[in-house]
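Derivation of every value follows stated rules applied to the coordinates shown; laboratory data play no part. All values derive from a computational prediction rather than experimental measurement. Positions of Cβ are backbone-derived with ideal geometry, glycine not excepted, and every protein chain shown enters the neighbour counts.
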Amino acid sequence: MSLASAFAPLSARWSRLSGRDKNLVSLALLLALAALLWQLSVAPSLATLRTADAQAKSLAARLQRMQAMRAQAEALQKQPALGFDDALRALTAATRQSLGATAQLTLAGDRASVTLKAASADALAEWLAQARLNARSVPLEARLVRTPAAPGTAGATWNGVLLMALPQR
């Protein structure tokens, strides 16, 4: 079946239409084509244009956060290396200051084990930041369990053990 034979019934019907009907059918086809063109090309472009400003602001904020993290990492790299005793003192001070009675620090070789009992999330986050910055110690292993907040308390607490790396002696 050829293309000409497929369109033969439509061509015959077209030739029987009056001039006014041909104009109306042409207008309807033109409107349908314009709607299709709008849906496939113009509308998506306009939607992208409307959201471009918000996306640019979001990306700029992310870039600033990444640059701040890079600056912090460079500052940490430029700090002089700590000895074992200085790192242990800094880690002990951070543990007493941030975690208080909710943590117990024990030493095993070049590693420190911190046992937590009902430590608040805020205190734990502060302690981890101090351990990284002041003692230049990072967790090697963490076995923590989150305990849901009891009614009338401030929030969830953490129990478990953190194994922290210290500089070699």
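Once the gyration tensor of the Cα atoms in the range 2-70 is diagonalised, the equivalent ellipsoid follows with semi-axes of 54, 15, 4 Å, ordered largest first.
Sort Leu144, Leu99 by Cβ crowding within 10 Å, fewest neighbours at the top.
Ranking Leu144, Leu99 by Cβ neighbours within 10 Å, fewest first, gives Leu144, Leu99.
The order of Asp86, Asp21, going from fewest to most other C-beta atoms within 10 Å of their C-beta, is Asp21, Asp86.
Compactness ratio of the range 84-165: Cα Rg over 2.2 N^0.38 Å, N = residue count? Intermediate results must be reported in sequence, preceding the final value.
Working: Rg = 12.4 Å, N = 82, 2.2 N^0.38 = 11.7 Å.
Computed over Cα atoms of the range 84-165, the ratio equals 1.06.
Seen against the Cα atoms of the chain and their longest principal axis, helix 121-133 is set at about 70 degrees. Per the Kirkwood formula applied to alpha carbons, the range 100-140 shows a radius of gyration over Rh ratio, Rg over Rh, of 0.95. Projecting label points 7 angstrom from Cα along Cα→Cβ for Ala108 and Ser2 puts them 8.9 nm apart.
Dividing the Cα convex hull volume of the chain by residue count, how many Å³ per residue is that?
Numbers: hull volume 53.4 nm³, N = 169.
About 316 Å³ per residue, rounded to a whole number.
Over the chain, Cα pairs under 8 Å with separation of 6+ residues give a relative contact order of 20 percent. Counting 0.36 nm for each residue step from Val42 to Ala101 and taking away their Cα separation leaves a gain of 14.8 nm. On a 0 to 90° scale, report how tilted helix 43-78 is relative to the longest principal axis of the chain, with both axes built from alpha carbons and the result rounded to the nearest 10. The angle comes out near 20 degrees.
Using only the Cα atoms, what convex hull volume per residue in Å³ does the range 65-106 have?
On the way: hull volume 4.0 nm³, N = 42.
So the per-residue hull volume is 96 Å³.
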